[in-house]
Every structure is written in structure tokens, then in C-alpha cells.
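Participant: One structure, as C-alpha cells, below. Some questions next.
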Amino acid sequence: MKKSTTYLSLGSNIGDRTNNLKNAINSIENLVGKVNKISKFYENPAVGFDGNSFINICVELVTHLSPDELLNSLLNIENEYGRKRLKSGEYSSRIIDIDIIFYEDLIINQNGLVIPHPRMQSRHFVLKPLCDLNPDFIHPILGLKISQLLDDLEIRADIADINFSLED
């Protein structure tokens with residue numbers, strides 16, 4: 001069975017945010033595949049709505065699941081932790097949010113699954129932790145390294161490394 005490397009972005013802005021992320025990583029490991037690397041934890045303001053600050057991370061995952069199977073498994077994990085999605089598609093606070101950023105170097109746009117994530121290149125809270133994992137990964141559509149995409153964004157002082165480790 002073929003194993004594929006994928007990058008996920010995780011965020012939480014409700015309750016014990018770091019614990020929510022730790023629990024989600026454990027669920028991913030148990031249900032989806034092997035988490036090879038975990039980025040630093042970053043705190044940043046909510047984007048697109050008024051809400052508590054998020055803690056965001058990225059993980060490098062090796063999985064045997066297809067992109068569709070991976071999406072369904074991640075949605076099930078979100079539901080397990082009480083994620084409520086608004087029918088309107090608007091952003092809201094969430095216990096856990098898990099997005100597929102890359103799946104190998106595939107480009108997919110079908111059945112509600114878009115890879116690479118369509119807004120990742122404009123989001124510091126995705127690019128900073130992704131740079132912790134693989135700054136030289138090349139975006140398959142834009143042809144730029146993750147580090148270049150981050151360098152192209154306007155500098156923001158409101159995203160902070162919270163100096164948290166899973167070993168704490």
C-alpha cells in the first residue's frame with residue numbers, strides 16, 4: 001500500500017486550545033497515519049470573524065489514505081471533538097479545525113476537496129508553522145517555496161511563537 005506525505009494545518013480557539021491540539025494529533029496518529037513532525041505552536045488573532053485568538057500548528061503526516069479518505073477521516077475527527085460547521089460557510093470559533101494544505105504535490109479540485117489549500121499562501125498562521133516543517137517545499141501551483149510565500153507576505157507582529165512543546 002502506497003504511503004503519501006501530506007501537510008495539515010490545525011487550529012483551536014475554544015477551551016484548552018493546546019490540549020485540543022494535542023488530542024487531535026493523537027486522534028490523527030490513531031486513525032489516519034504517522035505524524036512525523038509537529039511545528040512550533042503559534043498564537044494569532046481570529047481571521048475573518050470576531051473571536052478568541054487561535055493557536056495554530058502544522059503537522060507532517062504519512063498516510064496510506066487517499067485524499068478523499070483523508071478528508072473524510074479528518075472531518076470525522078473534527079466532529080468527534082464537537083466542531084460545528086455553519087451552513088452559511090462563514091467562519092466561527094472552533095474547538096478544532098483541521099485543513100489539508102498539501103498532499104504530496106497533487107493538485108485536486110473536486111467533490112468539496114481542494115488541494116493545495118486555496119488560501120494558504122495568504123495566511124501567516126499556516127505558512128509560519130509550515131516553514132518549521134519544510135521551508136523548501138514547493139507549492140505545486142505557484143511554483144514557489146513555502147519560505148518564499150511567507151517572505152512575500154506583509155510582516156505581522158500579532159502572530160507569536162508561544163514556546164510550547166508537546167513534551168511539556
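Participant: State whether the residues of region 29-48 include one that is part of a loop (DSSP other than H, G, I, E, B), modelled with pLDDT of 90 or more, among the acidic types (D, E) and farther than 25 Å from I108 by Cα.
Facilitator: Here is the first cut: in region 29-48, the ones part of a loop (DSSP other than H, G, I, E, B) are 32, 39-41, 45-48.
Pick out the ones that are also modelled with pLDDT of 90 or more and you get 32, 39-41.
From what's left, among the acidic types (D, E): none.
No, region 29-48 has no match at all.
Participant: May I pose another question? Sort out which residues of region 99-118 are over 19 Å from L75 (Cα atoms) and not acidic (D, E), and write them in order of number. Quick ask: steps written out before the conclusion?
Facilitator: So the first thing to find is which residues in region 99-118 are over 19 Å from L75 (Cα atoms), and the list is 104-107.
Within region 99-118, L106, I107 qualify.
Participant: Another one. Being assigned to a loop (DSSP other than H, G, I, E, B) and either within 18 Å of E69 (Cβ to Cβ) or of a type outside the set (A, V, I, L, M) (or both) is the filter here, so list the residues in region 1-28 that pass it. So that I can check it myself, show each step before the final result.
Facilitator: In the first step, residues of region 1-28 are kept if they are assigned to a loop (DSSP other than H, G, I, E, B); the result is 1-3, 13-16.
M1, K2, K3, N13, G15, D16, listed by residue number.
Participant: Another question about this same structure. Conditions: (1) modelled with pLDDT under 90; (2) under 20 Å from K37 (Cα atoms); (3) not charged (D, E, K, R). S147 meets all but one. Number of the miss?
Facilitator: (1)
Participant: Among the residues of region 118-138, how many are closer than 17 Å to T5 by Cα and either touching a Phe, Trp or Tyr at 6+ places or on another chain (Cβ under 8 Å) or of a type in the set (D, E) (or both)?
Facilitator: 7
Participant: Now a separate question. Starting from region 31-53, keep only residues that are closer than 14 Å to I162 by Cα and small (G, A, S), then list their pairs with residues that are open to solvent by 40 Å² or more (accessible area, probe 1.4 Å) and in a strand (DSSP E or B) whose Cβ atoms are within a distance under 9 Å, requiring at least 6 positions of separation or different chains.
Facilitator: S53/E43
Participant: Identify all residues within region 7-21 that are open to solvent by less than 20 Å² (accessible area, probe 1.4 Å) and over 18 Å from I101 (Cα atoms); write none if there are none. It would help to see each step written out before you state the result.
Facilitator: To start, the set of residues in region 7-21 that are open to solvent by less than 20 Å² (accessible area, probe 1.4 Å) comprises 7-13, 21.
Across region 7-21, the qualifying residue is only N13.
Participant: Kindly establish whether R94 is open to solvent by 80 Å² or more (accessible area, probe 1.4 Å) and more than 20 Å from S4 (Cα to Cα). Steps first, answer last, please.
Facilitator: Values: open to solvent by 80 Å² or more (accessible area, probe 1.4 Å): no; more than 20 Å from S4 (Cα to Cα): yes.
So R94 fails the test.
Participant: Among the numbered criteria (1) in a loop (DSSP other than H, G, I, E, B); (2) at pLDDT below 90; (3) not hydroxyl-bearing (S, T, Y), which single criterion is violated by L142?
Facilitator: Result: L142 fails condition (2) only.
Participant: Tell me whether region 84-106 contains one or more residues that are under 23 Å from L144 (Cα atoms), free of Cβ contacts under 8 Å to residues at least 40 places away in the same chain and not in a strand (DSSP E or B). Please lay out each step first, then the result.
Facilitator: As a first pass, look at region 84-106 and keep what is under 23 Å from L144 (Cα atoms): 99-106.
From what is left, the residues that are free of Cβ contacts under 8 Å to residues at least 40 places away in the same chain are 105-106.
The next check asks that each one be not in a strand (DSSP E or B); those that pass are 105-106.
Checked against the condition, which is being under 23 Å from L144 (Cα atoms), free of Cβ contacts under 8 Å to residues at least 40 places away in the same chain and not in a strand (DSSP E or B), region 84-106 yields at least one hit.
Participant: Can I ask one more? May I ask you to verify whether L113 is within 21 Å of A24 (Cβ to Cβ), at pLDDT 90 or above and surrounded by fewer than 16 Cβ atoms within 10 Å (Cβ to Cβ)?
Facilitator: Spelling it out, L113 is indeed within 21 Å of A24 (Cβ to Cβ), at pLDDT 90 or above and surrounded by fewer than 16 Cβ atoms within 10 Å (Cβ to Cβ).
Table: residues versus (1) open to solvent by 70 Å² or more (accessible area, probe 1.4 Å); (2) closer than 20 Å to P116 by Cα.
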position	(1), (2)
T5	no, yes
N23	no, no
S27	no, no
L31	yes, no
K37	yes, yes
V59	no, yes
T63	no, yes
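The values are calculated or read from the model by the stated rules, or taken from the named source; none is laboratory data. Note that the structure is predicted; figures quoted are calculated from it, not measured. Note that we place each Cβ from the backbone using ideal geometry, even for glycine, and neighbour counts take in every protein chain shown. Heads up: the accessible areas ignore ligands, DNA and RNA and are worked out on the full protein's heavy atoms, side chains in. Shrake-Rupley method; radii C 1.70, N 1.55, O 1.52, S 1.80 Å.
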